[in-house]
Amino acid sequence: QKEVEQDPGPLSVPEGAIVSLNCTYSNSAFQYFMWYRQYSRKGPELLMYTYSSGNKEDGRFTAQVDKSSKYISLFIRDSQPSDSATYLCAIYNTDKLIFGTGTRLQVFP
Amino acid sequence: GAVVSQHPSWVICKSGTSVKIECRSLDFQATTMFWYRQFPKQSLMLMATSNEGSKATYEQGVEKDKFLINHASLTLSTLTVTSAHPEDSSFYICSGAGGFQETQYFGPGTRLLVL
C-alpha cells in the first residue's frame, strides 16, 4: 500500500464551482499535512500547511484533516480559471515529504 | 514566502556529458536542501537530502556516483548529473528548508533533455 494515495484526475469544473480534492494516507502517526499547487513546467508552491487534525482556512482555500479516517482534503471555493493546475498533497514523515501523485484541475470559464 | 531559484531553467546536452544544476535560497538560510525528479504526469520523487557541510543522503535506487550533490553553503546546493544518458531526461526540482524541515520551499525546476 502506498503511503499517500491521490486520484490523478483530471477534474474539470466550471468557474465558480466548489472544488474538493482528496488524499488518503496509510500511517496514523503522520502529523504534518501539506497541499502544494504546481503549474505546468513550474516547481510546486506551498498552499496550506496543517498540523494534526482539524480545518485551516486561507481565503478561498480550506484544508481539512480527518485523522480517524486518514483522509485529507482541500476545498477551493469560487474556483477561477487561474486555479487550473495540479494539486499535490504531501505528508511529512520523519525527515522528508511524501507526495501524492497530484490531481490535475481544470477550471473552465 | 521564501524564494528558491534554480539555474539553468532548461538544458539540452549530448549523451555522455555532465550537467550541473544550481539551487539557491535567496532570502533564507536553507540548512537542508532536497533534490527531486519528476517525470511527465508523475509526482515528485525524492532523490537525495543534503545538509550544509555534510554528505548527501540518497534515496534507495538513486546512484550517488551519478548524481553528485554538493551543499557548500546555507544558500547554495548543486546537483551534477554525470555522464548523462537519455533516460536521465527529466524535470529536476530542488527545495530548501530552514529550521522546520516539514516546510520546504521549491525552486522553479530545471528541465533536462539528453540527446
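The values are calculated or read from the model by the stated rules, or taken from the named source; none is laboratory data. The model shown is predicted, which means the values in this text are computed figures rather than measured ones. Note that we place each Cβ from the backbone using ideal geometry, even for glycine, and neighbour counts take in every protein chain shown. Protein only, heavy atoms only, side chains kept; ligands, DNA and RNA dropped before computing areas. Shrake-Rupley method; radii C 1.70, N 1.55, O 1.52, S 1.80 Å.
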Applying the selection to the stretch B:36-66, what residues are in contact with a Pro (Cβ under 9 Å, 6 or more places away or on another chain) and closer than 14 Å to A:Asp95 by Cα? none
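Could you pull out every one of the strands (runs of 3 or more DSSP E) wholly within the stretch A:51-109 that has 2 or more residues that are free of Cβ contacts under 8 Å to residues at least 24 places away in the same chain?
Output list reads A:54-58, A:61-66.
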When A:Met48 is run through (1) touching a Phe, Trp or Tyr at 6+ places or on another chain (Cβ under 9 Å); (2) open to solvent by 70 Å² or more (accessible area, probe 1.4 Å); (3) within 14 Å of another protein chain (Cβ to nearest Cβ), the failure sits at (2)
Determine whether A:Thr94 is surrounded by fewer than 17 Cβ atoms within 10 Å (Cβ to Cβ) and among the β-branched types (Val, Ile, Thr). yes
Which residues, counting only those in the stretch A:74-91, are buried (at least 21 other Cβ atoms within 10 Å of the Cβ) and acidic (Asp, Glu)? none
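Among strands (runs of 3 or more DSSP E) lying entirely in the stretch B:26-115, which contain 3 or more residues that are more than 12 Å from chain A (Cβ to nearest Cβ), open to solvent by less than 10 Å² (accessible area, probe 1.4 Å) and more than 15 Å from A:Leu97 (Cα to Cα)? It would help to see each step written out before you state the result.
Values: elements: B:32-38, B:45-51, B:67-73, B:76-81, B:90-97, B:110-114.
By residue number, B:76-81.
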Pairs, first within 19 Å of B:Phe106 (Cβ to Cβ) in the stretch B:8-24, second acidic (Asp, Glu) and part of a strand (DSSP E or B), C-beta under 9 Å, six or more apart: B:Pro8/B:Glu22
